[in-house]
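Asker: Take a look at this one; I'll ask things after.
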Amino acid sequence: AFVPSKFDAGFTRPQPRIHIGTGRNQKTPSVTLGKALAKPPVIDGIMDDCWKSAPEMTMNTIMGAPSEVPTRIRAAWDKENLYLFFDCSDPAGNNGKGESMEIFLDLPGIGSPYYQFIFDPKGRKRNYRVLDGKHEWTWQGDWQLAVRPRTGGWTAEAVIPLKQFAEFSEIDCLEKVKMNFARNYPPGPEIHLSWAPVNITFLEPEKFGTVYLGEKASETTSVSAVKLTPSDAVDHLFSIR
């Protein structure tokens, strides 16, 4: 007579529900940062007073479901820099093993190029530029990072200068930036977390959320005349005025 293996019991036990309320057509998130900082924060991994009034973003699973690994991000800005603060809980007591945080930044908002900044709880960092879907591994980024352990997790603080990006000089008034944040947490229960829901991977610039610098601007405007000026004939780039 057939006798089930003891391992078969696992298929009959109730399983936890995951990715509740998710789908491929979820709305991308947005956040409004408000006024520019009058005084930049000290990059030391400590939540100073300037961060208490900064808007908070929460990471979910990559498909948008609530996460069991609390991860919160605060953002601020001034005319020259983006400032980010990360508060990462470590419910599994992983102590940073194999863990990393990723920052994705798309200034023109068209998906190419975009930039990827990666760091871990030990403060090790690396960065890339992605052009037409291909990583430029030799691209050298200019950014500052401080990581600090805390009870039950760790915090990090970063500043990313905007002038290092060639696109910044082509934008007369930078009002918003397409961004995403991702956390890789090996012990789970969710190994990959994201601020903006994605379909398959983090490398989906069309899924990046919107970070408004200043007060949220209108998405529409009246235009009486349009002029296209070639800014790079080789790459077929044009400026619109």
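The values are calculated or read from the model by the stated rules, or taken from the named source; none is laboratory data. The shown structure was predicted, so the numbers you read here are calculated from the model rather than taken from an experiment. Positions of Cβ are generated from backbone atoms using ideal geometry, with glycine treated the same way; all protein chains shown enter the neighbour counts. Quick note on the areas: whole protein, heavy atoms, side chains included, nothing else; ligands and nucleic acids left out. Shrake-Rupley method; radii C 1.70, N 1.55, O 1.52, S 1.80 Å.
Asker: Could you compute how much accessible surface SER5 exposes when probed at 1.4 Å, giving the result in Å² to the nearest 10?
Answerer: Accessible area, nearest 10 Å²: 60 Å².
Asker: What residues qualify as long-range amide H neighbours of ALA196, i.e. H under 5 Å apart, gap of 5 or more or another chain, H built at 1.01 Å from N?
Answerer: Under 5 Å from the amide H of ALA196 lie the amide H atoms of PHE181, GLY209, each far enough along the sequence or on another chain.
Asker: Residue farthest toward the positive end of the dipole of the chain, with Cβ of Lys/Arg at +1 and Asp/Glu at -1: which of GLY209, VAL130, PRO197?
Answerer: Of the listed residues, the answer is PRO197.
Asker: PRE reach from TRP139 (point 7 Å along Cα→Cβ): which of the range 104-121 fall under 19 Å by backbone N?
Answerer: Label zone hits: 104-120.
Asker: Can you sort HIS135, HIS236, HIS192 by solvent-accessible area, 1.4 Å probe, largest first?
Answerer: Values: HIS135 45, HIS236 140, HIS192 85 Å².
I get HIS236, HIS192, HIS135, largest accessible area first.
Asker: While we're on this one: If you roll a 1.4 Å probe over the heavy atoms of the protein chains, what accessible area per residue do you get for the chain, in Å²?
Answerer: On the way: 14140 Å² over 241 residues.
Dividing the accessible area of the chain by its residue count gives 59 Å².
Asker: Excluding residues fewer than 8 places away in the same chain, name every one of the aspartates and glutamates whose C-alpha is closer than 13 Å to that of LYS39.
Answerer: ASP48, ASP49, ASP78, GLU80
Asker: Please label the shape of the range 148-206 as rounded, prolate or oblate, based on the square roots a ≥ b ≥ c of the eigenvalues of the alpha-carbon gyration tensor (a/c under 1.5 means rounded; beyond that, a/b larger than b/c means prolate, else oblate).
Answerer: On the way: a/c = 3.48, a/b = 1.57, b/c = 2.22.
Taking the square roots of the gyration eigenvalues as a ≥ b ≥ c, the range 148-206 is oblate.
Asker: Work out, step by step, the length gained on full extension between SER224 and ASN184: first 0.36 nm times the residue separation, then minus their alpha carbon distance; give nm to one decimal.
Answerer: Numbers: separation 40, 0.36 × 40 = 14.40 nm, distance 4.73 nm.
Length gained, SER224 through ASN184: 9.7 nm.
Asker: Follow-up. How much of the accessible area of the range 24-160, probe 1.4 Å, is carbon plus sulfur, in whole percent? Kindly include the intermediate steps, with their values, before the conclusion.
Answerer: Values: 3300 of 6920 Å².
Result for the range 24-160: 48 percent of the exposed heavy-atom area is carbon or sulfur.
Asker: Right, next: Between ILE110 and ASP49, what length comes free when the chain is fully extended (0.36 nm per residue of separation minus the Cα-Cα distance, one decimal in nm)?
Answerer: Working: separation 61, 0.36 × 61 = 21.96 nm, distance 3.46 nm.
Gain on extension, ILE110 to ASP49, equals 18.5 nm.
Asker: Right, next: In whole angstrom, how far apart do the alpha carbon centroids of the range 81-142 and the range 152-194 sit?
Answerer: 6 Å
Asker: May I ask you to rank GLU157, GLU206 by accessible area, largest first, using a 1.4 Å probe over the protein chains only? Numbers along the way, then the final one.
Answerer: Working: GLU157 0, GLU206 125 Å².
Putting GLU157, GLU206 in descending order of accessible area: GLU206, GLU157.
Asker: Distance cut-off 29 Å, Cα to Cα: go down the list LYS27/LYS122; LYS176/LYS227; LYS52/LYS163; LYS125/LYS216; LYS35/LYS134; LYS178/LYS227 and report the pairs above it. Can you show the working numbers first?
Answerer: On the way: LYS27/LYS122 34 Å; LYS176/LYS227 22 Å; LYS52/LYS163 26 Å; LYS125/LYS216 31 Å; LYS35/LYS134 35 Å; LYS178/LYS227 25 Å.
Cα-Cα > 29 Å for LYS27/LYS122; LYS125/LYS216; LYS35/LYS134; rest within.
Asker: Continuing with this model, one more query. Ordering SER224, SER67 by accessible area with a probe of 1.4 Å, largest first, what comes out? Don't skip to the answer; put the middle values down first.
Answerer: Numbers: SER224 125, SER67 35 Å².
Putting SER224, SER67 in descending order of accessible area: SER224, SER67.
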